[in-house]
Amino acid sequence: MKAILPLILLFLHILHADVVDVYFGTGGGEAKGIYRASLDTKKGKLSSATIAAEVKAPGFLAFHPDRTRLYAIANPVEGPAVLAYNILDNGELELLNFQLIPDGRAAHISVHPSGKFLLTAQYRGGSVAVFPLGKDGHVEACSQTVEHEGASGVVARRQSAPHPHWVGFSPDGRFAFVPDLGLDQIVIYQIQLDQFLIKRVGAVDSVPGGGPRHMKFSADGQFIFLLNELSLSVSTFTYDGDEGKAELVSTTSTLSDSMKAKESFNSSSEILVHPKGQFVYAANRGHDSVTAFQIDPETGRLYVTDIEPIRGAWPRNINLDTSGHWLLAAGAHSNTVTVLEVDAATGVLTYPRDSVITVPNVICILLND
């Protein structure tokens, strides 16, 4: 029996590696909180989703770097807040604590690679907030709130005030980046880790009226890919990691004008870089599709290679597993999550049969793989 036990444990480890937990943030309505399902990474199949933590409107989620804790921006009865959860062995979530957000409900959240603090972006409040994290993962009271100022005014209804829409960090963790839809800029901050503070060091202009939403770095850290929500396009920037500066070099549309004309309303929602660094993906709401791009490794310029429907409505978020073999798309209006297969050689997307599950009002996908 003793000789067999290590083989059993090895088998269980291999089996576990083929199945990963997926967490879903939701936007209220019929949703009851954060949901969880399992992804079979061999077959690309999701299990049925079950509730992992009950809380009102837990929109975007973020992992602690050690993947033992999860953070959510939500709206409990006390008001808009950041919530900290322990991830239990069975995948369920155990609430550690929460802290109120001074400037109201946040649109996005990101944990610094050090695991010592997190940032939130308040779209309506026009601000970025800093929350230190305790050693056990609990979230501490907000240590700083930075207000954005100005407005591009190009699209009057959407750009009359600052609207920070995403927060994230440079590959080395020295700088924070905040695309602001209202400013048509990416605002750049230097991290002061010893004080849990951020200091604005500059901003880079995007395309006028583009409406910056989310961004990602290239796999080698040489380029930034910025998703423009209003113009449905992706802007490529070269990135100077020493200075924390960026420069706009090109912009590529996610959809043609004729495709956009078939829908009464379209907007971009999420952008991803494939783990192997060759492809970029952007989600199109209204057209309800995902656009695949090939990256020119020399210039960072993007070329459209595929536009694949998600078999759902209003893809608020998309995400990839770490192998880059499966792309998951959240249909917020259809209450669905769809799994699409990624061709490793071309990046083209394919819809496998029976690869849709139900998740109410789903707006965020996070894979713990």
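Bear in mind that the values in this text are calculations on the coordinates, not laboratory data. Source: prediction; values computed, not measured. Note: ideal-geometry Cβ built from the backbone for every residue, glycine included; neighbour counts use all protein chains shown.
Below is a table of values for the structure above.
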| read-out | value |
| --- | --- |
| Max mean-square fluctuation residue, GNM over the chain, Cα-Cα springs under 10 Å, options Val356, Val201, Val342 | Val201 |
| Environment charge at Ile34 (Cβ cut-off 14 Å; Lys +1, Arg +1, Asp -1, Glu -1) | 0 |
| Separation of the Asp296 and Ile51 label points, Cα + 7 Å toward Cβ, nm | 5.2 |
| Cross-link pairs beyond the 29 Å C-alpha cut-off, checked among Lys42/Lys216; Lys135/Lys276; Lys199/Lys260 | Lys135/Lys276; Lys199/Lys260 |
| Relative contact order (%) - the chain, alpha-carbon pairs under 8 angstrom, separation at least six | 12 |
| Phi to ³J(HN,Hα) by Karplus 6.51 cos²θ - 1.76 cosθ + 1.60 over segment 276-288, Hz, x for Gly, Pro | 7, x, 9, 10, 10, 10, 9, 9, 10, 7, x, 5, 6 |
| At most 10 other Cβ within 10 Å, DSSP loop - trypsin sites (Lys or Arg not before Pro), segment 43-138 | Lys135 |
| Among Val22, Val249, Val234, residue whose mean-square fluctuation peaks in a GNM of the chain (springs only between Cα atoms under 10 Å) | Val249 |
| GNM top mover of Ser289, Ser218, Ser47 - the chain, alpha-carbon springs below 10 Å | Ser47 |
| Label corresponding to log10 I(q)/I(0) by the Debye sum over Cα atoms at q = 0.06 Å⁻¹ when calculated from the structure given, among (1) -0.40; (2) -0.51; (3) -0.21 | (3) |
| 222 nm mean residue ellipticity, helices alone, for the chain (DSSP H n ≥ 4; -39,500 (n - 2.57); rounded to 500) | -1500 deg cm²/dmol |
| Distant-in-sequence amide H partners of Asn361 (H built 1.01 Å from N, under 5 Å) | Asn335 |
